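Structure first, then comments.
Bear in mind these aren't lab numbers, they're just calculated from the coordinates by the rules spelled out. The model shown is predicted, which means the values in this text are computed figures rather than measured ones. Virtual Cβ from ideal backbone geometry, glycine too; neighbours counted across all protein chains shown.
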Amino acid sequence: MIDTVLLHSEFQKRFGREGVAFAAPGRINLIGEHTDYNGGFVFPGAVEQSITAVVSPNGSDKVNVYAVDLGQECSFRIGDQQGPESVHFRYVYGVVRELIAAGVEVRGFDAVYGGDIPLGAGMSSSAALECCFAYALNDLFGGGRLDRMTLARIGQATEHKYVGVMCGIMDQFASMHGRRGSLMRLDCRSGEYEYYPWNPEGYKLVLVNSRVKHELVGSPYNDRRRSCERVAQLVGVETLRDCSWQQLESVKGSLSDEDYRRARYVLGEKDRVLTVCDALQKGDYETVGQQMYLTHKGLAEDYEVSCEEIDFLVDEARRLGVTGSRIMGGGFGGCTINLVKESLFDGFVASVRQSFKSRFGIDCQIVPVVIGDGARRV
Ligand code: GLA
């Protein structure tokens, strides 16, 4: 977590008084990728890397925020209909507008924020930013009235309406509901969820960040979602969650090859999540790992959200005997999530660092995973 002392002193320097600190984390996802907007299951956990904001009401109708990491500031009025142009600050603006729409009387405030979630790594730094402000403003102006799921949906609505990414609920859900030491299985259709203590004896989870960034803002993510919606509509179900293999095959002739392959990935991923739940109950991490590799294959070949650098990282993982590896998050770059036997861990990290550097000239970043808590006052 970023040094809160530093944020407090920056706040004091800029605004001449004290503020209150809030934090919301990024997330990992063990399995269940691109299933959330298809009404399926996801298996995320919050991480320790977070966005932290020091916030205080200022008695006016003006919002003044300063992003320490970017060295940029932004001001807007609460009633402003357009909002800032910079995408980064639109997350804060969108959350303010959506909280007001949900009945929280947000007034002017000052804020300073920063974080340690690698940007564009597929660890949901934008969801963390939304959740941090949603949690903080609901606390300061709404007396904590809105529950965590409502706040998660406010974050998601911000992406949809103010940023233009038609994301599912996984990232904001995980950032709001995370619990130290536990992964969560969320049914994205019903909103029901369960905590799964994550204590894989003899194994470690580690992310390898390729540092290759492809922004989700724009079409590729939304295109995938639209493909799935077209198939669901043709089959006559609300989402692909309710589409069987038979139903998919029965409409195959009326689908483009691309839409067919997108749906085939989603149906396969539904089955894999259930296989993983079963394997986790038995402590069978080898099966969990095999399913991760299969997810990667589907994401690369059918869903087409991987890239050369990430495929290389997954191939290296396999070559080095890693139990499971796949691209994580929305895709188009970012990081791989790897389930590695403890005995192989140091060797894997050293080899992958070196081979990635010699192939692409980039220092990949190794990010150890510690499952942490969700949004909170700090
Ligand atoms: C992004 C989105 C999520 C989810 C993942 C893919 O992180 O924000 O809603 O769709 O991609 O699983």
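Select from C277, T323, Q354 the residue farthest towards the positive end of the dipole of segment 199-368; place +1 on Cβ of Lys and Arg, -1 on Cβ of Asp and Glu, and compute about the Cα centre. Farthest towards the positive end: Q354.
In the chain, helices alone account for a calculated mean residue ellipticity at 222 nm of -13500 deg cm²/dmol, with every DSSP H run of four or more residues adding -39,500 (n - 2.57). Amide hydrogen proximity for E48: with H placed 1.01 Å from N in the peptide plane, the residues at 5 or more positions away or on another chain lying under 5 Å are V370, G372. Projecting the Cα atoms of F312, A300, F22 onto the charge dipole of the chain, computed from C-beta unit charges around the Cα centre, puts F22 farthest toward the positive end.
Taking E304, E194, E159 as the candidate residues, the one with maximal mean-square fluctuation in a Gaussian network model of the chain, Cα springs under 10 Å, is E194. Within the straight-line cut-off of under 18 Å between alpha carbons, the aspartates and glutamates reachable from K357 are E308, E309, D311, D315, E316, D346, sequence neighbours fewer than 8 places apart in one chain being disregarded.
Once the Cα gyration tensor of segment 185-337 is found, what semi-axes does its equivalent ellipsoid get, as square roots of 5 times the eigenvalues, in whole Å, sorted largest first? That gives 27, 20, 14 Å for the three semi-axes. Each Lys or Arg adds one and each Asp or Glu subtracts one; over the other residues with Cβ under 9 Å from the Cβ of P57, this totals 0.
With an a/c value of 1.5 or above and a/b not larger than b/c for the gyration tensor axes a ≥ b ≥ c computed over the alpha-carbon atoms, segment 184-257 is described as oblate. The C-alpha radius of gyration of segment 39-94, expressed as a fraction of 2.2 N^0.38 Å, stands at 1.48.
Note on segment 45-75 and segment 95-119: Cα centroid distance 8 Å, given to the nearest whole angstrom. Under 20 Å from a label point set 7 Å out along the Cα-to-Cβ vector of D61, the amide N atoms of segment 93-124 belong to 93-111.
Within the listed set D69, D110, D311, the residue fluctuating most in the Gaussian network model of the chain (springs between alpha-carbon atoms under 10 angstrom) is D69. Counting Lys +1, Arg +1, Asp -1, Glu -1, what net charge surrounds H34 among other residues with beta carbon under 10 Å of its beta carbon? Net charge around H34: 0.
Ordering V266, P118, Y91 by the projection of their Cα atoms onto the charge dipole of the chain, which places +1 on the Cβ of Lys and Arg and -1 on the Cβ of Asp and Glu, puts Y91 at the extreme positive end. Stretching the chain fully between R226 and R377 yields a gain of 50.6 nm (0.36 nm per residue, less the alpha carbon separation). Given axes a ≥ b ≥ c from the Cα gyration tensor, I'd like to know whether segment 283-378 is rounded (a/c under 1.5), prolate (a/b larger than b/c) or oblate. It is rounded, given that a/c, with a ≥ b ≥ c, falls under 1.5.
With K and R counted +1 and D and E -1, the other residues having a Cβ less than 10 Å from that of S227 yield a net charge of +2.
Considering only V251, V65, V212, the Gaussian network model of the chain with Cα springs below 10 Å gives its largest mean-square fluctuation to V251. Helix 87-101 and the long axis of the chain differ in direction by around 70°, with both axes built from C-alpha atoms. Which log10 I(q)/I(0) values does the chain give at q = 0.12 Å⁻¹ under the Debye formula, counting every alpha carbon as one identical point scatterer? Rounded to two decimals, the profile gives -0.90. Net charge dipole, the chain: roughly 300 debye, given to the nearest 20, about the Cα centre with Cβ charges of +1 for Lys and Arg and -1 for Asp and Glu. When the Cα gyration tensor is reduced to axis lengths a ≥ b ≥ c, the ratio a/c is 1.5 or higher for segment 58-150, and with a/b not above b/c it is classed as oblate.
Of the cross-linked pairs K213/K341; K161/K297; K204/K282, those separated by over 21 Å at the C-alpha level are K213/K341; K161/K297.
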